[in-house]
Amino acid sequence: MSGLDSLRGTTPAKPHDARAIAALAANPGCARRALMDGAGVDKDAAARHLGFPAPFGQSPFAITRGNAFEALVKADGCAELLRLLRDLLRLPIDEVAYQDVQNVGAHLRHAHTRTLFDRAARGEGGTLYDHPLLSLRIAGHTAFLEPDVVAFQHGGRFHIVEIKSFAVIDGQADPASLAAAARQAAVYVLALRTLLEELGHDPLLVAHDVVLVCPENFANRPMATLVDVRRQLAVLKRQLARMTSIDRLLAELPEGVSFDLRPGDDGVPTRPAGALAEAIQQVAARYAPDCLSTCDLCFFCRDEARRDGSSDLLGRQVRDELGGVATVDEALALADGLREPAPGQEEIARLLRDAERLRRECLA
């Protein structure tokens, strides 16, 4: 991984957490993100130095609300969670057991977690494991991950439990919040499956159905539902495999390209922002409006796409349907008949002209 280390330069590597790993699955085709995440580049620090800080981070109110809801669900040894799991996973009364892994010193938690799950996979464990510490290899670096809870159902299946404070109203949750929770839970599923495989157990003992616990309607009463994360798992595996075989992307970079921020003794970057921007732009991005909620470099890449007039600005679905039409101006010219389609663009040009004709008829 020396190539990735030289790409990061003197800047310390930023550890990956579950949210960052989950965001990889949101845009698996972006070479820029793959290289920067593979090298452990602090994208937030880079974005701020470039003058394009991303407005990420929860408000203090949202954090307080989330902590209060998690405390409610886990009160009295997870009594409320056990009630939900008995209904959802059909846990019998005599199967109740609770292990708080967080009470073990931080330096022992990972080893203790491995021991607990090894015993549980052999049929010697309990039902609930609170805040276990898992790990996952990301492009040569070890990321330590802490799911809310892992439930073990007698009969052989582990279930990741994610506790989120966004509400489910009349059985419907906000699609963006639900998608983000599913991607994050998929990271934990993959990490636990990897752990069991390392211990010599069947990784499929970890269910692909995760338990999502949220407030129901406008009250603070918890409800639980199963969420299938197989699709998120498949995308995540592909992206992680792409990062572990990242030599091809490195080989395509011009010699001497570096994302080094050159932090001074006070941690403040000393590298000229223009030089950093020029280096980052040597790697192709795959911007989409969805990046605004998942990537620290979103505003930088959006500004780049705007200057280029890229069709990426229209969203992934429109961009994919446009095929080889790279810019918005080119798409408009084809729609108006002001530009002859290039070889392979004939069908797209016909669809654009039809759409323009329908637009004019509607306006008339």
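The values are calculated or read from the model by the stated rules, or taken from the named source; none is laboratory data. Just so you know, these numbers come straight off a predicted model, no measurement behind them. Here the Cβ is made from the backbone with ideal geometry for all residues, glycine too, and neighbour counts use every protein chain on show. Remember, those area values only see protein heavy atoms, side chains included, never the ligands or the DNA or RNA. Shrake-Rupley method; radii C 1.70, N 1.55, O 1.52, S 1.80 Å.
Structure summary
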read-out: Residue match in segment 115-124 (condition: at pLDDT below 85 and exposed (fewer than 13 other Cβ atoms within 10 Å of the Cβ)); value: yes
read-out: Segment 75-86 residues that are under 16 Å from ASN220 (Cβ atoms), paired with ones that are part of a helix (DSSP H, G or I) (beta carbon under 7 Å, 6 or more apart); value: GLU80/LEU72; GLU80/VAL73; LEU81/VAL73; LEU81/LYS74
read-out: Listing of helices (runs of 4 or more DSSP H) fully contained in segment 245-364 that carry 1 or more residues being within 34 Å of the chain's Cα centre (by Cα) and closer than 19 Å to GLY38 by Cα; value: 247-251, 273-280, 298-308
read-out: Check on ASP296, touching a Pro at 6+ places or on another chain (Cβ under 9 Å), open to solvent by less than 60 Å² (accessible area, probe 1.4 Å) and at pLDDT 85 or above; value: yes
read-out: In segment 71-108, residue modelled with the highest pLDDT [restricted to those that are basic (Lys, Arg) and out of contact with any helix residue (DSSP H, G or I) (no Cβ under 7 Å at 6 or more places or on another chain)]; value: ARG83
read-out: Residue within segment 276-285 that is at pLDDT 90 or above, closer than 16 Å to ASP44 by Cβ, out of contact with any Pro (no Cβ under 6 Å at 6 or more places or on another chain) and open to solvent by 30 Å² or more (accessible area, probe 1.4 Å) present; value: no
read-out: Pairs, first assigned to a strand (DSSP E or B) in segment 141-166, second β-branched (Val, Ile, Thr) and open to solvent by 20 Å² or more (accessible area, probe 1.4 Å), C-beta under 9 Å, six or more apart; value: GLU162/VAL227
read-out: Selection count where residues are touching a residue at least 60 places away in the same chain (Cβ under 8 Å) and within 26 Å of HIS159 (Cβ to Cβ), scope segment 37-61; value: 0
read-out: Residues located in segment 128-157, provided they are at pLDDT below 75 and open to solvent by less than 10 Å² (accessible area, probe 1.4 Å); value: ALA139
read-out: Residue within segment 170-181 that is open to solvent by 10 Å² or more (accessible area, probe 1.4 Å), outside any loop (DSSP other than H, G, I, E, B), of a type in the set (A, V, I, L, M, F, W, C) and over 18 Å from LEU236 (Cα atoms) present; value: yes
